[in-house]
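S.K.: If you scroll down you'll find the structure; I have some questions about it.
Just so it is clear, none of the values below were taken in a lab; they were calculated from the coordinates. All values derive from a computational prediction rather than experimental measurement. When we count neighbours, we look across all protein chains shown, and the Cβ atoms used for this are built from the backbone with ideal geometry, even at glycine.
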Amino acid sequence: TWGADTRISYDSAGSQHPCLSVFGTTLHVVWYDHRDGNLDIYYNRSTNGGLSWEIDRSLTNDSADSIFPSISVSGMNVHVAWFDNRNGNDEIYEKNSTDGGINWSTDIRLTNNLGNSWYPSIALSSSIIHIVWSDDRNGITNFEIYYKSSTNGGITWGPDVRLTDYPSYSENPSITVNGSIVHIVWEESHDGN
């Protein structure tokens, strides 16, 4: 059985692409909308299992469009990833909160290549952070899935690791983790559809 719909955002701008992560009875939600004139990432949380929600807060504030956020939480640690083109091409950015979503770090750029990096998905297991995305550094007709991780809560990050190698589109990955086991799914067109 399911409860009634609960409205989370109340701005007149369209709120798009929500992502939810839960730890205990605290729900953390991110999405993007254009209430401030361009697309930015917004965040809200409920500390009582979704019965009531706090006030929306903006996580990004630059002239570029910040879109398609992904969120993951472990205890009081909350990490959000998205992509934007503030540096001329689309790159993956991340920011985090170590106090359950009250205060947030500055933006951290995770990718830096001549191609575009899109559609991140992030997952936490204690202080280990896993992230996947698709990009076209190998050519605009050859999107591939890449992965990187941090073992110290996002202070430092390992190198980009290419996970797919097909002469076709590998896009829209999603990642989840259970202890040391990491699972990734994505869409792929190498079979012709």
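S.K.: Count charges around residue 45 for me, please; just the other residues with Cβ under 11 Å from its Cβ, Lys/Arg as +1, Asp/Glu as -1.
M.R.: Surrounding charge for residue 45 is -1.
S.K.: How large is log10 of I(q)/I(0) for the chain at q = 0.12 Å⁻¹ when the intensity is taken from the Debye formula with one equal scatterer per alpha-carbon?
M.R.: Evaluating at q = 0.12 Å⁻¹ gives log10 I(q)/I(0) of -0.59.
S.K.: Here is a further query. Could you tally the net charge around residue 65, taking each other residue with its Cβ under 10 Å from the Cβ of residue 65, Lys/Arg +1 and Asp/Glu -1?
M.R.: -3
S.K.: Considering all alpha-carbon pairs of the range 136-193, what whole percent are spaced by more than 13 angstrom?
M.R.: The proportion of pairs with Cα distances above 13 Å equals 67 percent.
S.K.: Take peptides 34-40, 175-181 and line them up by average Cβ neighbours within 10 Å, highest first, as a rough protection proxy.
M.R.: 34-40, 175-181
S.K.: Just want the answer: with Cβ charges of +1 for Lys and Arg and -1 for Asp and Glu, which residue in 75, 117, 43 is farthest toward the dipole's positive end in the range 1-145?
M.R.: 75
S.K.: Which number do you get for Rg(Cα) / (2.2 N^0.38 Å) in the range 103-178?
M.R.: Values: Rg = 12.9 Å, N = 76, 2.2 N^0.38 = 11.4 Å.
For the range 103-178, the normalised Cα radius of gyration comes out at 1.13.
S.K.: Here's something else I'd like to know. So for each of 70-81, 111-122 I average, over its residues, the number of other beta carbons within 10 Å; can you give me the resulting order with the highest mean first? Intermediate results must be reported in sequence, preceding the final value.
M.R.: On the way: 70-81: 22.5, 111-122: 19.7.
Order by mean packing, descending: 70-81, 111-122.
S.K.: Around residue 158, under 14 Å between beta carbons, what's the net of Lys plus Arg minus Asp minus Glu among the other residues? Present the calculation step by step, with values, prior to reporting the outcome.
M.R.: Details: positive: 148, 162; negative: 94, 160.
Counting the neighbours of residue 158, the net charge comes to 0.
S.K.: Give the peptides 23-33, 6-16 in descending order of average Cβ contacts within 10 Å, highest first.
M.R.: On the way: 23-33: 19.4, 6-16: 12.5.
With the highest mean Cβ count within 10 Å placed first, the list reads 23-33, 6-16.
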